[in-house]
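Shown next, in structure tokens, is the structure this report addresses.
The values are calculated or read from the model by the stated rules, or taken from the named source; none is laboratory data. Please read all numbers here as calculations on a predicted model, not as lab measurements. Surface areas here come from the heavy atoms of the whole protein model, side chains and all, with no ligands, DNA or RNA. Shrake-Rupley method; radii C 1.70, N 1.55, O 1.52, S 1.80 Å.
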Amino acid sequence: MASERPRWGWQREKRRDRATDPAHGAGPDVPKASDEELMQRLAGGQQEALGPLYSRYAARIFTMASHTLDHAAAEEIVQDVFLSVWRKAGTFSPERGAFRPWVFQIAHYRILNELRHRSRQPRIEPDPEGQLTAGLPDPAPYPEEAAGLEEDRASVREALKSLPPAQREALNLAFFEDLTHEQVAAKLQVPLGTTKTRIRAGLQRMRVSLSPVVAALVVVAIGLGGLGVRLIADQRERALDGRALALLTSSQTVAIRLTAASGVPAEVHAVYRGQAGRTIAVLTLDRFSPAPAGQTYQAWVRHGTRWTSLGTVRPDAEGDARLIVEGPELTALPDAIEITREPAGGSPVPSGPVVVSAQPVP
């Protein structure tokens, strides 16, 4: 007989049904959380606060985008906006304005940016929200995204080594220095046709040694010119964050709180969010002190007797951090979760002191 999976007790917090969730307003006696309150919760690490905000504004933003874009593009705008809300939660300040105009400001910028990419002039449309404003800057990649980007760059560098010098030089300028074909030709002082031939021949050779995904991104990046490595970063970032957003806004997502170990301040904690059947999880850290010199924080999940590393993580100045991880082992909720202090660079198995952990109820 198969053993019963351990219960998480009070630490397992499924998102409540909207009929009984105060964030959505369950009735006259239950106060409805304001947008600003939900943003404060989101900035404080309560990722489930993103769900009510999505429910309130996703349809409106979709309608706003569909005035000038097709259905698929409007859906992407909605995703981009809420990825930005998630990332920028810590920068939102109610003192500077309400959430409603802030989120519509982000949406309007995303729409204008998409229209510019399509080389179209946006039509002047009625704006019932009254939030036609200038754009906001995109956030920088997170450390785990930068790590994935560096892996791809390393793969491309290795593949370049196998090319003849002329092809290698042309592709290096086009990809790593983000030069257009015309700029490469001018820098090498060769005809444009010769430059294109070298790049095309080099790409054909590189496809043999690169993974299909990386090879395709390199081809597209160089074909567009001036995008290079940034295109790979954007593709990785959008795809990963999109899957994380879907997890966080799902009513089936389970939140598991990791509490402080003995000797660790009680306010130090983390929250693991996953869902049975999904290969992605989001781990958020809160109130962590900087790791001692020569050490790092490393997150782990256990299934049965096997521990799996989720990766190392470095909290920011406020002691917060977010780790998005993917892997087939995450399709089952873990039997135990912990964050330990390990030597810089990480450890193959948990060996250092436990900082926070979650254990199943017997």
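If you find the alpha carbon centre of the stretch 33-85 and of the stretch 295-320, how far apart are they in angstrom?
If we compute the Cα centre of each part, the gap is 29 Å.
Any idea of the accessible area per residue across the stretch 273-362, 1.4 Å probe, to the nearest Å²?
Here the per-residue accessible area is 45 Å².
Show the residues, 5+ positions off or on another chain, whose built amide H is closer than 5 Å to the amide H of GLN295.
ALA344
With θ set to phi - 60° and the Karplus curve 6.51 cos²θ - 1.76 cosθ + 1.60, what are the ³J(HN,Hα) couplings of the stretch 63-75 in order, to the nearest whole Hz, using x for Gly and Pro?
4, 4, 6, 6, 4, 10, 10, 6, 4, 5, 5, 5, 5
With θ set to phi - 60° and the Karplus curve 6.51 cos²θ - 1.76 cosθ + 1.60, what are the ³J(HN,Hα) couplings of the stretch 194-201 in order, to the nearest whole Hz, using x for Gly and Pro?
5, 4, 4, 5, 5, 5, 5, 5
Plugging the Kirkwood radius over Cα pairs into Stokes-Einstein for the stretch 228-340, at a temperature of 20 °C and a viscosity of 1.002 mPa s, what D comes out in µm²/s?
The Stokes-Einstein estimate is 142 µm²/s.
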